[in-house]
Amino acid sequence: MKHRIAKIGAQVSRWLQGGARAVSGVLFLCLFAVFVIQIIARFGLNQPLPWTDELAVILYIWVILWTAALVVPEREHVVFDLVWNSVGRRYRQMMVITGNLLLGGLALAGMPATWDYVHFMQREGTPVLEVPLMWVFLPLVLLMAALVVRSTWAIWQALQGRGLDSELRL
């Protein structure tokens, strides 16, 4: 029974990761298309379109925050492995737990204020498209939640002795 639940969980996880990657790809594709339209309008037709600047910024924010929250695995983030590679498993375990307690704890502590700010920004809109700024910055809340979940998972893994290899593998 446990094996079957684990298998279903792994399938759901792969499906969700694929969906997050697809959304990230579509966002990036839209950003690229808006960028191309902007270049053609500005330099080819000598007729700048103000909405393209604004939409490019909104899409850029979404691409960066969405991808950092849901797509980029922890092993692909910037790391300083000089100390990690020079200590034993016990110290690595303490480093993982301490670092993730700090990161996840700060993200958890900052989440209410982040939500308050994002929700407050609903009053303001972007100058050209008049998109409420809440929708522009909403992925920041998602990123904070993802940091809490990832940190909790990393602490759980470290407590079980997983992910403490002698060298970080990229």
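Here is how the numbers come out for the structure above:
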| quantity | calculated |
| --- | --- |
| Given charges at Cβ of Lys, Arg, Asp, Glu: the chain dipole, positive-most of 145, 93, 43 | 93 |
| Of the DSSP H helices in the chain, those whose Cα atoms cover at least 27 Å axially and whose Kyte score averages 1.6 or more | 133-159 |
| Region 84-170 shape via C-alpha gyration tensor axes, a/c threshold 1.5 | prolate |
| Among (i) 118; (ii) 149; (iii) 140, the entry derived from the coordinates for volume of the Cα convex hull per residue in Å³ | (ii) |
| Carbon + sulfur, % of accessible area of region 1-40 - ligands and nucleic acids excluded, 1.4 Å | 76 percent |
| Surface per residue (accessible, 1.4 Å probe) for the chain, Å² | 70 Å² |
| Residues with amide H under 5 Å from that of residue 125, placed H, sequence gap 5 or more | 133 |
| Listed peptides 116-129, 98-111 by packing density, highest first (mean Cβ within 10 Å) | 98-111, 116-129 |
| Rounded percent of accessible protein surface that carbon and sulfur make up, region 91-140, 1.4 Å probe | 70 percent |
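The values are calculated or read from the model by the stated rules, or taken from the named source; none is laboratory data. Since this is a predicted model, take the numbers as computed values, not measurements. Please note: Cβ atoms are built from the backbone with ideal geometry, for glycine as well, and neighbour counts cover all protein chains shown. Heavy atoms of the whole protein, side chains included, go into the accessibility calculation; ligands, DNA and RNA do not. Shrake-Rupley method; radii C 1.70, N 1.55, O 1.52, S 1.80 Å.
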